[in-house]
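Please treat every number below as a calculation from the coordinates, not as lab data. These figures come from a predicted structure and were not determined experimentally. Don't worry about glycine lacking a Cβ; one is built from the backbone with ideal geometry, like all the others, and counts go over all protein chains shown.
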Amino acid sequence: MGTFESDRRKEEERIREENRLPPGQSLTLKFPVLHYGPIPAFTPATWDFRIWGEVEEEKNWSWDEFQQLPRQKVLMDIHCVTRWSKADTLWEGVSLKTLIDSEIIMVNPNVTHVMQHAEHGYTTNLPLEIALQDNFLLATHFDGEPLSPDHGYPLRGVIGHIPSEGELVTPYFWKGAKWLRSLEFMTADRLGFWEKAGYHNRADVWDEERYGR
């Protein structure tokens, strides 16, 4: 067994003993790249981010304006439906909860779900209550550096498990969209890209909700 694999197995055992590895998952020390479609080009001068749907006022932020929004860092474990998990990942970006709590975004009282819209028409849905958890972030940075293009630069949704906040619902990683361009606030649920293709709508990692309703 090579040194790298030995290190991986030791780290996996530590995470498992701390009850941080969901059923059916294996720990990786790498960061696998998985996505649908080609990596889109990013032009800061024309990029924008839209807030729309059931909100009191629609927003349309430029890249410069988006970077002026309140920011925070979140350390969490991420879990992919393809059975890899990565521990202690550090993300930086904008919290949807903060935007709503500070009334930068004001949603209508009947909103129940949020749809993430990304490049190439990709979508994924979340209940509003989960999108408002501390473990959902509109991320611009990973591990202290701007996102790489293959991991969603300039902006992606990220959702994971915060070990110190074990009561939070944790969906699989696809529930955060790469190359994010807008958030649509909805009064009823609607399936996203992979959900329409048969992936589980709720996608709870601890219940192994990978496929089916």
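I'd like the full set of residues that are closer than 20 Å to PRO163 by Cβ and β-branched (Val, Ile, Thr), limited to segment 1-22.
Answer for segment 1-22, where residues must be closer than 20 Å to PRO163 by Cβ and β-branched (Val, Ile, Thr): just ILE15.
With the condition kept exactly as written, say whether any residue in segment 43-53 is acidic (Asp, Glu) and closer than 19 Å to ARG181 by Cα.
yes
Across segment 157-200, which residue is nearest to ALA131 (Cα to Cα) among those that are surrounded by 17 or more Cβ atoms within 10 Å (Cβ to Cβ) and among the polar types (S, T, N, Q)?
Only one residue fits best here, namely THR170.
Go through segment 129-164 and count every residue that is assigned to a loop (DSSP other than H, G, I, E, B), without any contact (Cβ under 8 Å) to a residue 24 or more places away in the chain and among the small types (Gly, Ala, Ser).
Counting residues in segment 129-164 that are assigned to a loop (DSSP other than H, G, I, E, B), without any contact (Cβ under 8 Å) to a residue 24 or more places away in the chain and among the small types (Gly, Ala, Ser) gives 1.
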